[in-house]
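The values are calculated or read from the model by the stated rules, or taken from the named source; none is laboratory data. Please read all numbers here as calculations on a predicted model, not as lab measurements. Virtual Cβ from ideal backbone geometry, glycine too; neighbours counted across all protein chains shown.
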Amino acid sequence: MSKPPIFLNLLKIQLPIAGVSSILHRISAVGIFLLLLPFSMILVLASNSEEGYSIASYLLNLNSIKILLVLLLTGLTYHYISGIRHLVMDFGYWQTLNAGKISAILTIVLSGLMSLLLISLVW
């Protein structure tokens, strides 16, 4: 029986790609949580009046807001695709080590491609 490690240096631990995918899924959830409120406020501002619409339009043309919008859309895309992967795994598929690795790689690649498409639409 092996002893649990006493000192864990998280920077030296090499996670498998499925572990990286799982952690990215959690990080994207936090990012969505933090960014959804400001963009919801911009949406409410835009739908209240013509003046609010012009203010929201001005805000959405700022580069810093565009970067945050791209981060939100990338997080939503990754979280959605990774959520589908987790649901498929909950139904009993892709539970072998090799299938988990392949599905994690496909999740990262597919969400990266979708994010590039969304970035081109925002800019």
Some residue of segment 80-99 being in contact with a Leu (Cβ under 9 Å, 6 or more places away or on another chain), part of a helix (DSSP H, G or I), farther than 17 Å from V20 by Cβ and of a type in the set (D, E, K, R): no
Close pairs from segment 96-123: first in contact (Cβ under 8 Å) with a residue 24 or more places away in the chain, partner part of a helix (DSSP H, G or I) and among the hydroxyl-bearing types (S, T, Y), Cβ under 6 Å, at least 6 apart: A104/S21; T107/S21; T107/S82; S111/T77; S111/Y78; M114/T77; S115/T74; S115/T77
Any hit, segment 50-62, residues being out of contact with any helix residue (DSSP H, G or I) (no Cβ under 7 Å at 6 or more places or on another chain), among the charged types (D, E, K, R) and surrounded by fewer than 16 Cβ atoms within 10 Å (Cβ to Cβ): yes
Options I84, I67, I108; residue that is among the hydrophobic types (A, V, I, L, M, F, W, C), under 13 Å from H25 (Cβ atoms) and loosely packed, with under 14 Cβ neighbours inside 10 Å: I84
Looking only at segment 1-29, and only at residues there that are surrounded by fewer than 10 Cβ atoms within 10 Å (Cβ to Cβ) and either β-branched (V, I, T) or part of a helix (DSSP H, G or I) (or both), the one that is modelled with the highest pLDDT: I13
